[in-house]
Amino acid sequence: DLVVRLVAAAQGHRRLIAQIPAVKASTRKLLVGRLQRARELIEESDEELSLDALARESALSKFHLLRLFKAAFGCTPSAYAGARRMARARGLLRASSMSVAEIGRALGYERAPAFVRAFRRHFGVTPSAIRV
């Protein structure tokens, strides 16, 4: 099982390197490392990070980060962070007894209606429909 996961990870890494628009392989590898750092920061952060902060932490300009992130992962850092936030919301709705408003606040939404609208826009159903 471990070997299968390692091989899959290596193949994914090679695919990611191939998607980076750089001439030299060593440059593509360096850029993939920086992009993975930005993605890890998004996944580990409980609060929304600015594009400037992500670019600074990944040692790229914000415009270069945007262009490369979209080439590598198919979406902007902001869209990726939003999708991660909604995935966390769905997990909390299924696994916890927190109210919809509490989950919205935990994920950084100031008001429950804003959270419900964002959730419905992302999944096509209301948060309460996930709980049933």
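Brief remarks on what is shown
- For the chain, the dipole from Cβ point charges (+1 on Lys and Arg, -1 on Asp and Glu) about the Cα centre works out to 540 debye, to the nearest 20.
- Per-residue Karplus couplings for region 68-83, computed as 6.51 cos²θ - 1.76 cosθ + 1.60 with θ equal to phi - 60°, are listed in order as 6, 4, 5, 5, 7, 10, x, 7, 6, x, 5, 5, 5, 5, x, 5 Hz, Gly and Pro entered as x.
- Surface per residue (accessible, 1.4 Å probe) for the chain, Å²: 63 Å²
- Taken over the chain, the ratio of Cα radius of gyration to 2.2 N^0.38 Å equals 1.24.
- Using a probe radius of 1.4 angstrom, the carbon and sulfur fraction of the accessible surface of the chain is 54%.
- Fully extending the segment from Gln36 to Lys70, taken as 0.36 nm per residue of separation minus the present Cα-Cα distance, adds 11.0 nm.
The values are calculated or read from the model by the stated rules, or taken from the named source; none is laboratory data. Bear in mind the structure is a predicted one, so any value in this text is a computation, not a measurement. FYI the Cβ positions are ideal-geometry reconstructions off the backbone, even for glycines, and counts take in every protein chain you see. To get the accessible areas, we keep the full protein, side chains included, count just its heavy atoms, and leave off ligands, DNA and RNA. Shrake-Rupley method; radii C 1.70, N 1.55, O 1.52, S 1.80 Å.
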